[in-house]
Structure formats: C-alpha cells, structure tokens
Amino acid sequence: MSCRVASADQRLYGNLHHYVDQVLSYERQCVVNKAIDVLPWIELTKLAKENVAGAGLDPNSLIFWDFLMAEAVKWFKRSFFKWMTAPKCSQCGCDTSAIPLQLQPTQEELNYGASRIEGYRCTSCDHLERFPRYNSVEKLLGTCVGRCGEWANCFTFLCRVLQFNVSCRDEICMRFLLNTYQIQVRYVVDLLGDHVWTEYYSLHEKRWIHVDPCEEAIDRPLMYEAGWKKEITFICAFARDHVADVTMRYSSNHGAVINRRLKSSFESPRLYNFLWKTTQRLKACLMENQRKELDVQLACDLVNMMVERTPGQESMGGRTSGSMAWIMSRGEGDGQSGDVKFVFRPSARELACNKMHMKYNCRRDMYERTVGQEIIPGWRNGTYSSYGVFRKEERDWKKAYLARLEGRERGSISWLFEVSEDVTMKDVRIRFCGSRFEDGDISVTVTSGETQVKLNCDQDSGGDLTAIPELAGTKTFCIDCKLSGGVGDCAWQHAQLFRESTESDAEDVTPFEVIICFE
Ligand SMILES: [Zn+2]
C-alpha cells in the first residue's frame, strides 16, 4: 500500500514539474515567432472589435480582450485544430483500430516531447499506424491534431502569443498593456480526472475565466461536475509566473471536495508546499510592481472561489468533442454518453388529444409542441444525440441552418420519439428539409426496430409532410440524419438542415415537423 502511494505521488510530482516546464516553454521567442505566422490575429482582432461595437460597447475598452478570447476559441476549434480519435491508414486511407500496445518513440518524436506513442492497426491492409502524443507546442502548430491535452496545450500557448502580438502591433491595446499587468493565461489540469483546459485573466471582469477549447466553452467552470459527472478533487492552474490550486471554482459542492481530498492518497499539505515554493521561484522573474499585482490577483481569486455556485443550464450538457465511442469509454456525460438524450414522449395533454405535434424553427432555434404550447429552446436540447453539428447564422445572407462543424468530414444528429406501453402510434407524418450544394450529402433514416425508412429531404420535394405507414403500431422510432460530402474549404456548408431566413417568421413551411397520432 505505502509502495503504491509513493509511486502515485512520484507520478503526481513528476507531472506537476512537467506542466510548469510546459508553460515556461510558451515564452521561447523562436516558438512565439512560429505561432505569430499561424495566428490570424488581424481577423480575430477585427471580428472582436466588430462584436464589441455591435454589442454597443466601446471597442477601446478592456472588454475587447474578452471578445478577442471568444473569437480565438471559435477559430481554434472550428478552423485550426482537429480532434483525433484514430488515425487513418497512411497506406490505403482506411480506418484503423487501436492496438493495446505502446510503441517505442523515435529520437525525433522524443525531441518533440512525445514519449507516448499509440499504435493503430489498419482494418484493411494491416499496416501499423503511429500516433505520437506530442507535448511540444512547436510541433503541434504543424500537426494541429490531438485530444484534450494537445488542444489545451496549443490553445493556451496561442492565447499567450495572441496577446503578445496584439499588444505589439495594435497601438490602442498597447496603451492598456503599458499601464496594466500583462494578460495572463493558465494551463489548467484536473490532476485526478484526465482533462485539461485554459483560464485567462479578464481585465474587464477582474477575475480568472475558464475556457475549454475542445468544447468551445467559455466561463462554464461547473460543466465538468454537473454535465460530465466528474468528481472534482484537485485542479491546478499553471502560469508562467505562478501555480495555483483552483479546484473550488470547478465544484458546486466544496464539502464533497474536501471529503474526497481527505480520502485521496495525495497529501494536501505537501501539494500546497509545492505550489507555494514553485510560485515563489517563478515570481522571482517579475518586477516588484508586477509581483504585487499578482499577489492581489491571486488573493482575490481565493475569495472568489470560496463562493459555492450552482450550475446553470449551460453546464448541464455532456461532452461534444470526441466520438461517441471515445466519450463512452471515458464514462463522461450522463452515464452512458455525452449526449443530451432527450426523448419526445407525449404529455398528458397530448395523450388526451391523441396527438403530438412538434415543429422546429431554425430562425428562433426552438422546438415547439403545439398541443400544450410547450417550447424547447436550442436545437441540441431536443436531440437524442448529435456529433459535430452546430447552428450557423449567416449574417450576410440572413439565413440560419444546422451544419457540421467547419473542418469536420461528418456530422450526425438524431431525435427519438417514444410512447408508453399502453399507447400505440397510429399515424406518423414527418417533414424534414435539407439543402444540398455541390455534392454535399444528407441522409435521413427513420428506424423502428427492424424497420428502416429513408426520408426524402430535399428542400423542394421535402415541402410536404411524408406519411410513414411502416410506423403504424409501433411504440418508438428514431430519426437519424448524417451530413457529409461537399467540396473544398466550405464542404461543411454544402449539406444544411432546416435552412431558414433569419429576417422574418413569414415562412409558410416549418423545415422540421413531426406529427404523431395515437390510438
Ligand atoms: Zn491500410
């Protein structure tokens, strides 16, 4: 027992030192120069300024930085970094599956901090594919792929560079920075929970703000506990000039955190000692006034974290990054997966009327159940599952629709309808409108047990409600939609669902509608 504790402790402290070094590597000028070439900082700055102005705020005020961060995470997730589930075979392009074997790193891989090499076997030609888990941000700028570790590492680094860069090239921002403490970013690690993300210091709000680049989530610190059902125990933040215990920000039940800590094999006093000593060492490079400012910042953060907050609705969703299988293997989400798992079941009102009538309006992004006037806001909240899909609003064309995330080859989304034992579906009619451009592909299948029906979903021919007689007498069915195909950089836009004008509600046809009559 004591032996195991010692080795777990050794691993912990090994990791802690590694994170400190990692964040310090962000300051190396040669790496920063590479990142400056990669970052579209002019566009990001421009978008952020437009959004600040659009919100009726002063683009020269400190809130600019918060808008800049929002643009940065959007760009990072949608255009720059890719999620890796399993690599494609480099010989024949087919899928590969993981083999339970760590491969030996090459010297080159080791040079870029990849001591762990995952192995994958091609399902078609048997070729062995390698996936090195790089730690070097220099390397990640080129590979642009990984899982949460690579994502958070590269994103935290780029935020740091973004701020360097904007502050160097933009006079207005320069003015702030000359008078204020340099904007800070932190690499945040759930030490027992195997997930990492970013925090930045908001000059406007005067507090540290959570950013998860994998999820494009900003300021939703309770999402891991409330949404992913993680047990929060030790969460540490690593910056170039300090390390800090930020656990309490991520839990709405501080008593439970303390209980878990008492039972955990990690000794809190030893951990605090490490954090304190490391911070003293890192702070030594700061100037006197910066050191004082940092001390105030950290003290305020401690007070801020003492407040137990309750999770809002925005923290309740499961993971959106990663494939379903990957999410399930990690046991995140609501027990089985990271999906919403919403099921349309008839209410008492609907049963009394022998009818359920659901309409989804993309302009207002909400589901409406006409019997009983129930509203479900947000497309995701009415889905059973979805993967790689988002709602796009085109400001210039004044259209809204669902499409797969930029850069994703595939997106999928499903809705589930179910009645209880004593009720049977008699008549089911569905309207499902999709818009295809180039060779974008939309495939819609309605499934109930063994029965599978393909739905025609072209915008023009999809205008009518389609009766599905095969569903008569059943108790449940699922509508599955898969988005793929398209050409070039905009391929994701070539398969759109529920495209509607954002200007008026005058459309006579709801793009997605399900009517079920009961027996
Ligand atoms: Zn192959």
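How about Lys475: which lysines have a C-alpha closer than 30 Å to its C-alpha, ignoring those fewer than 8 places off in the same chain?
Output for Lys475: Lys341, Lys355, Lys359, Lys426, Lys454.
What does the charge add up to near Lys482, with Lys and Arg as +1, Asp and Glu as -1, over the other residues with Cβ less than 9 Å from its Cβ?
Around Lys482, the surrounding residues sum to -1.
Given region 339-518, what whole percent of its Cα pairs are spread farther than 27 Å?
Here the long-distance tail beyond 27 Å is 23 percent of all Cα pairs in region 339-518.
Counting only protein heavy atoms, what percent of the accessible surface of region 363-519 is carbon or sulfur at a 1.4 Å probe?
After summing per-atom areas, the C and S share lands at 43 percent.
Give me the extension gain from Glu519 to Lys74: residue separation times 0.36 nm, minus the current Cα-Cα distance, reported in nm with one decimal.
Full extension of this stretch gives 155.5 nm more.
Before anything else, pin down the relative contact order of region 96-146: Cα pairs under 8 Å, at least 6 apart, normalised by residue count, whole percent.
34 percent
Could you provide, to the nearest whole Å², the per residue accessible area of region 342-487 with probe 1.4 Å?
48 Å²
Which value, in Å², gives the accessible area per residue of region 96-146 when a 1.4 Å probe is used on the protein heavy atoms?
Here the per-residue accessible area is 53 Å².
Give me the Å³ per residue figure for the convex hull around the C-alpha atoms of region 214-281.
So the per-residue Cα hull volume is 103 Å³.
What ranking do 397-405, 444-452, 96-104 get when scored by the average of other Cβ atoms within 10 Å per residue, highest first?
397-405, 444-452, 96-104
Name the shape class, rounded, prolate or oblate, that the alpha-carbon gyration tensor gives for the chain, where a ≥ b ≥ c are the square roots of its eigenvalues, rounded holds for a/c under 1.5, and otherwise prolate holds if a/b is larger than b/c and oblate otherwise.
prolate
Once the other residues with Cβ under 12 Å from the Cβ of Lys82 are scored (Lys, Arg +1; Asp, Glu -1), what is the net sum?
+2
Express the relative contact order of region 27-131 as a whole percentage, based on alpha carbon pairs under 8 Å and six or more residues apart in sequence.
It comes to 18 percent, rounded to a whole number.
Lys355's amide H: which non-local residues (gap 5+, or another chain) put their own amide H closer than 5 Å, with H modeled 1.01 Å from N in plane and none for Pro or chain starts?
HN-HN under 5 Å from Lys355: Phe518.
Let me check against my output: what whole-number percent is the relative contact order of the chain, with C-alpha pairs under 8 Å and at least 6 apart?
Answer for the chain is 10 percent.
Near Pro132, within a Cβ-to-Cβ distance under 12 Å, what is the net charge of the other residues, with Lys and Arg +1 and Asp and Glu -1?
-1
Considering only protein heavy atoms and a 1.4 Å probe, what is the carbon-and-sulfur percentage of the accessible area of region 96-146?
On region 96-146, the fraction of accessible area on carbon and sulfur atoms equals 47 percent.
Which of the lysines could a cross-linker bridge to Lys77, judged by Cα under 22 Å and excluding same-chain residues fewer than eight apart?
The reachable lysines, counting only those whose Cα sits under 22 Å from Lys77, are Lys34, Lys46, Lys49, Lys88, Lys139, Lys392, Lys482.
Starting from the Cα-Cα distance between Ala472 and Asp489, subtract it from 0.36 nm times their residue separation and give me the gain in nm to one decimal.
Additional length available on full extension: 1.8 nm.
The values are calculated or read from the model by the stated rules, or taken from the named source; none is laboratory data. If you're wondering where the values come from, they're calculated on a predicted model, not measured in any experiment. Heads up, the Cβs are rebuilt from the backbone with ideal geometry, glycines too, and the neighbour counts pull from every protein chain shown. The accessibility values were calculated without ligands, DNA or RNA, using every heavy atom of the protein model including side chains. Shrake-Rupley method; radii C 1.70, N 1.55, O 1.52, S 1.80 Å.
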